[in-house]
Amino acid sequence: MVTANYNSPYDVWRPDYSYTGFCSSTIYLHNFLVKSILGISAFYHDSAATILIDGKIIAAAQEERFTRIKHDPSYPHNAINFVLNYSKLKLSEVDQIIFFEKPFLKFERLLETYVAFAPKGFKSFCKAIPIWIKEKLFQKKLLFNKLTEHDENFKDQDKIFFSEHHLSHAASAFFPSPFEEAIVLTSDGVGEWATTTVAIGKGKDLQIKKEINFPHSLGLLYSAFTYYTGFKVNSGEYKLMGLAPYGVPKFESIIKDNLIDIKTDGSFRLNQDFFNYATGLTMTDNKFHDLFGQNPRDSKKDKITQFHMDIASSIQKVTEEIIVKLAKSLKNEYGLKNLCLAGGVALNCVANGKLLKEKIFNNIWIQPAAGDAGGSLGAALAFWHLNQNKERVISNTDDMQGSYLGPEYSQKEIEEKLTSIGAKFKIIDEKSLLDKTAEDLSKGNAIGWFQGRMEFGPRALGGRSIIGDPRSSSMQKNLNLKVKYRESFRPFAPSVLSDDVSDWFNIDVDSPYMLVVANIKDSKKIKMTDDQKKLFGIEKLNIKKSEIPAVTHVDYSARIQTVNEKTNPKYFRLIKMFKKKTGCPVIVNTSFNVRGEPIVNTPENAFNCFMGTELDNLAIGNCYLDKKEQNSNLKKNYSRNFELD
Amino acid sequence: MSIIFFFVVTPISFVMKILGKDMLNLKRNNNNTYWVEKSGPKSKMKNQF
């Protein structure tokens, strides 16, 4: 028997499959009028897959969450399987498959770079070219072969399309946004040629107007400094950002006088005499090191010093200056009042916060998966609107569904898995779960919170989070040293009820994806003593700065997530319960993983992290676990399992 | 690889330099912008280029 169910997300007749939590009781019949598009990003970093059905985002996930390899660049076999299974589609049933960038253009850029710099670059040429020939020149064939592994009936190479890298970013920033029209600014390391682009989005149209090309790149500049301060390129940039408030920007003029020429409109040129990334095997060269007077920090032997904090502060200030200048000049030129951002540089939430504060634009919307993973989403959306010419349906929030686009697990699956791995747990109803969790939070417990669908993008947003009491002075230190096993300078971030955010922070807009930084309100700050004001660098860490010290960074800033009842009702109700008990509508939210590991995906990942750290409790579905009740033989030591990133 | 590099890539590089071509826009300029207008026909999504 077949019945229609028009309440389903994509107006098809759908099956009853309780394991995903869908509550449909109709029987599936594939609707031939439904159009599905699979978007893929892969082969550089952060491979991912996204599926759209009739232009609506149904599922998206990063490969790293399945393979447990951070930023996994390999073909996203597991992520593709997930999005197909979630949509109940076989690959041969998908209408089009679109890859997020153009491999031939990338290869052309590589060759031209070597020509431009020759005879420099010989070593890198020998290393890179054979790999690139195989991966780039034969990418369509490579992709096709990989795709056939999902479904032996998939035979049609003509279904495979290729977007452009920055068009994918721009599409991921504009099409899900709540704006009818907007200026779209994308900025990253590099795509094919472009590193920074401006596009204008209007309705279903999106056109890139101008660009800055390799090797002149804000992302690569920031990555060069990431490398220089001893963090990993393409994954440690946010640590550089977090280190900046501990320093002063004393190297700002050295950077601007030597490394980069910034025009009034914010466009820029990098002086390649100081960088090695174009043709070398490192980011910076000896001229760069001589300029600042030190070699790059070796993270295995050298500690972070005041010098590194000042370097971080300086490059952060320069980056912010460029972004603000770009924004101002684009507003003058195009006159639109909305701005959309994507590309890896859009993850610099401190710069985003400065942008917001400048009030250049009425509204700013940032794609939560602003990096290359979001390219899979953007490529699919670009195909739907630009190639298929489909109209947009613009909502007044956005289309990202809170970015909860990944797998979820039913209560039954969770219980079965926990039982099979020897966990001891209680099963309680939701009201009791919220009450117990809030109670334990208020006692200072660190709790793993695993609910609903997994987030898409680098931030945990209450789907796969470790949560704590922000009022506790020791929470930051304890979470860093005993749970996440990471550098103690790293700040934690708050989740706050959206209705209460302006009482606690200097921000009056929603920030649902933790992409914006704002300062804590003066009324919540604790004034520093004269002695405390004299402290420098890492000594600032131990000063209690506010009523919620665990989420207040040394410069009084916080990377905020506003939690809305409609988008994540359970998480909202939890924080509301915590507010009821403590008067505080804010909790610490950090990603549910140990250092160097991707955010947890499955109940088993969650239990392993729980047992491998000093987390006190785990709230997973309607199961509640207490560390003290667990079998101590199951304890693991995760402190050294994964390399720091 | 070395043969290709030293006998193909490097000579092309010298020729380009002699002709004064600044392939990657490496030189500083005195214009008021480093933006490059995107012009020309849009690339088709069917293509890998």
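All of the numbers you see were taken from the coordinates with simple rules; none came from a lab. Model, not experiment: these values are computed from the prediction. Positions of Cβ are generated from backbone atoms using ideal geometry, with glycine treated the same way; all protein chains shown enter the neighbour counts.
General remarks:
- Selected residue [out of contact with any Phe, Trp or Tyr (no Cβ under 8 Å at 6 or more places or on another chain) and of a type in the set (S, T, N, Q)] from A:Asn234, A:Asn213: A:Asn234
- Candidates A:Lys581, A:Lys533, filtered to the one that is without any contact (Cβ under 8 Å) to a residue 12 or more places away in the chain and over 25 Å from A:Phe456 (Cβ atoms): A:Lys533
- Region A:424-447, subset within 19 Å of A:Ile467 (Cβ to Cβ) and of a type in the set (A, V, I, L, M, F, W, C), residue surrounded by the fewest Cβ atoms within 10 Å (Cβ to Cβ): A:Ile428
- Residue within region B:30-44 that is buried (at least 16 other Cβ atoms within 10 Å of the Cβ), in contact with a helix residue (DSSP H, G or I) (Cβ under 7 Å, 6 or more places away or on another chain) and facing another protein chain (nearest Cβ under 7 Å) present: no
Here's the yes/no breakdown for (1) more than 8 Å from chain A (Cβ to nearest Cβ); (2) under 30 Å from A:Phe162 (Cα atoms); (3) over 17 Å from the mean Cα position of the chain (by Cα):
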{"residue": "B:Ser2", "(1), (2), (3)": "no, no, yes"}
{"residue": "B:Lys17", "(1), (2), (3)": "yes, no, no"}
{"residue": "B:Met23", "(1), (2), (3)": "no, yes, no"}
{"residue": "B:Leu26", "(1), (2), (3)": "no, yes, no"}
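- Of the helices (runs of 4 or more DSSP H) entirely within region A:526-645, those holding at least 1 residues that are under 24 Å from the mean Cα position of the chain (by Cα) and closer than 27 Å to A:Glu415 by Cβ occupy A:569-582, A:603-611.
- The helices (runs of 4 or more DSSP H) found wholly in region A:202-317 and carrying at least 2 residues that are within 14 Å of chain B (Cβ to nearest Cβ), surrounded by 18 or more Cβ atoms within 10 Å (Cβ to Cβ) and touching a residue at least 60 places away in the same chain (Cβ under 8 Å) occupy A:218-228.
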